[in-house]
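The values are calculated or read from the model by the stated rules, or taken from the named source; none is laboratory data. Values in this document were obtained by computation on a predicted structure and should not be read as measured data. A quick note on method: Cβ atoms are made from the backbone with ideal geometry, for glycine too, and the neighbour counts reach across all protein chains shown. Side chains included, ligands, DNA and RNA excluded: accessible areas come from the protein's heavy atoms. Shrake-Rupley method; radii C 1.70, N 1.55, O 1.52, S 1.80 Å.
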Amino acid sequence: MERNDVLVIGGGIIGVCTAYYLAERGVNVTLIERDEICSGASYGNAGLIVPSHSVPLSAPGVVAKGLKWLLNPESPLYIRFRLDFDLFAWLLRFWRSCTEEHVRKSLPLLITLQRDSLNLFEKFSSEGLAFGLQKKGTMTVFNTEQAFEDGVKEAELLREHGLKSEILTAEKAREKEPLLSEKIVGGVYFPDDAHLDPAAFVISLAGKAQQAGVNILTHTEVIELKSSGRSITSVRTTKGEWKADLVVLAAGAWSATLTRNLDIKLPIQPAKGYSITIQNPERIPSLPLMLNEVRVAVTPLNGRLRLGGTLELAGLDLSINQRRVDAIRRGASQYLPEIKGEGEEIWRGLRPCTPDGLPVIGRPSNLDNLIIASGHGILGISLGPITGKIVAQMVCGETLDYDLNLLNPDRFR
Ligand SMILES: Cc1cc2nc3c(=O)[nH]c(=O)nc-3n(C[C@H](O)[C@H](O)[C@H](O)COP(=O)(O)OP(=O)(O)OC[C@H]3O[C@@H](n4cnc5c(N)ncnc54)[C@H](O)[C@@H]3O)c2cc1C
C-alpha cells in the first residue's frame, strides 16, 4: 500500500489545477487518472472564459424552452428518457432551481469566481505557460428579434452586477465580425470575456505540476473509496491500494459513481456536448462568437476553428450521434455562411452538471478527509484555476476569500 498526503482523483482541468496549487504550497500530491491527462471534458470544449455566462443553466424560462426543444431531435437540448430514478430526481431539482431568486443569489458568486479565475489564467500566461490565452471578449449574436430582446435584458442584468457589455445593431455586429450573415438581427459584445486552448492549458499545467513535485499516475482507475467512520481509509485502484491523509474527488461527470457507497448525495448528470474543430479553415472569425438560437460556440484557436454545442442528457454514454454533430454545423452556417475548410476533428465530452447549475466544492459533512471538486457543468474551464486554488486553500487551512455556502456538497441532502 502506497502513502501520500493528498490524493487527487481525475486529470481534467479541476484535478490538475488542484494538484498544482497543492504542490505550490509544499503538499505531497499524487494525481490518479484512469486514461491520459485531459482525456475527459477538458479536452475539446470551446475554451471560453465567460463571466458573461454566469446566469446558471437553471434559470426562469429554461424549462419552457427546453420542452419545445425536446420535440426536435436536432435541437440544442436532448434528454434520453429512461427508467432512471437519479435522472428524474435531477430533473425535478433542476426545475425547482429555475427561479429568479436562485439566479439573484448565484450571479455575484459566479461572476466573481470567473473574474478571479481569469486573473489566475493571466498569471500562468505571464509566467510563460503557452495555451493561447486571448482577451478579445466574446460576441453573442442573434437571428430573431425575440431572442435579441431577451439577450439585451440579460446583458442589463449582468451590468447591474458590474459586467460590461455593448449592445450592437446588426450592422455594428457585422462591422465587428464581417463573416456574419446578413440575416442576423443584432449582437451583444462582452469585452471582459476571454478564450484559450483548453487542452494546451491542462497538459502544460500538468507538466508544471510535475516539475513542482506532483506524482502523476495515468492509466490507473479508481475503483472504490473505502471508508470507516468519518474517514476515507483507502483508495482501491486498478494498480493497487493507496492511503492518503486527504482525498480530492475531481472525476468530472464520473464523480458520482465514486460516492455511491459513501452516503453522499451528489446529483451530477453527464451532459454530452460535441465539438468540430476545423484544422485549416478558409476564413476565421476574429473573436469568439456565441450563436444564440442554435446554442453553438465558435472559437478561433491558433489558426484552427472550433464549433461546439448541444447538451444531451444520455447518461455516461460517449457514443457519437452524427445527426447532432451535423446539426451543429448546419446551425453555425445560418450565422457564418462562409465557414468551411480542410481537416476536421469531431469530439464529444461529458459536462458534469448539477441540477442548480453550480459546482460542488467542499467537504461533505460526514467525512473529514474528502473534498469534492466537481459539477462545474458548462463553466469548468472558466472556473478551473480558481477551483484548484480554493481546494488547496481548504486543504491547507487558509482563510477563503469567498462565502462558498452555495457550493456546499451537503446542499443536496
Ligand atoms: C462541447 C463542450 C463545450 C464546452 N465549452 C466550455 C467553455 O467554453 N468554457 C467552460 O468553462 N467550460 C466549457 N465546457 C465544460 C467543461 O469542459 C467542463 O466543465 C470541464 O472540462 C470539467 O472538468 P473536470 O476536470 O471536472 O472533468 P474532466 O475534464 O472530464 O476530467 C475528469 C477526469 O477524471 C477521470 N476519471 C473519471 N473517473 C475516474 C476514475 N474512476 N479513476 C481515475 N480517473 C477517473 C476522467 O478520465 C477525466 O480525465 C464545455 C463542455 C463541452 C462538452
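Okay, here's what the table says:
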quantity: Subset tally (residues that are more than 14 Å from the ligand (Cβ to nearest atom) and open to solvent by less than 20 Å² (accessible area, probe 1.4 Å)) for region 365-380; calculated: 3
quantity: Residue identified as away from the ligand (no atom under 13 Å from the Cβ) and either in contact with a helix residue (DSSP H, G or I) (Cβ under 7 Å, 6 or more places away or on another chain) or in a strand (DSSP E or B) (or both) among D150, D192; calculated: D192
quantity: Subset of region 296-337 (residues that are open to solvent by 20 Å² or more (accessible area, probe 1.4 Å), modelled with pLDDT of 95 or more and either aliphatic (A, V, I, L, M) or in contact with a helix residue (DSSP H, G or I) (Cβ under 8 Å, 6 or more places away or on another chain) (or both)); calculated: L316, L318, I320
quantity: All positions within region 12-56 that are more than 11 Å from the ligand (Cβ to nearest atom), within 20 Å of E293 (Cα to Cα) and open to solvent by 10 Å² or more (accessible area, probe 1.4 Å); calculated: V55
quantity: Selected residue (criterion: nearest to G47 (Cα to Cα)) from residues of region 1-11 that are part of a loop (DSSP other than H, G, I, E, B) and either within 15 Å of the ligand (Cβ to nearest atom) or modelled with pLDDT of 95 or more (or both); calculated: G11
quantity: Selection status of I167, in a loop (DSSP other than H, G, I, E, B) and among the β-branched types (V, I, T); calculated: no
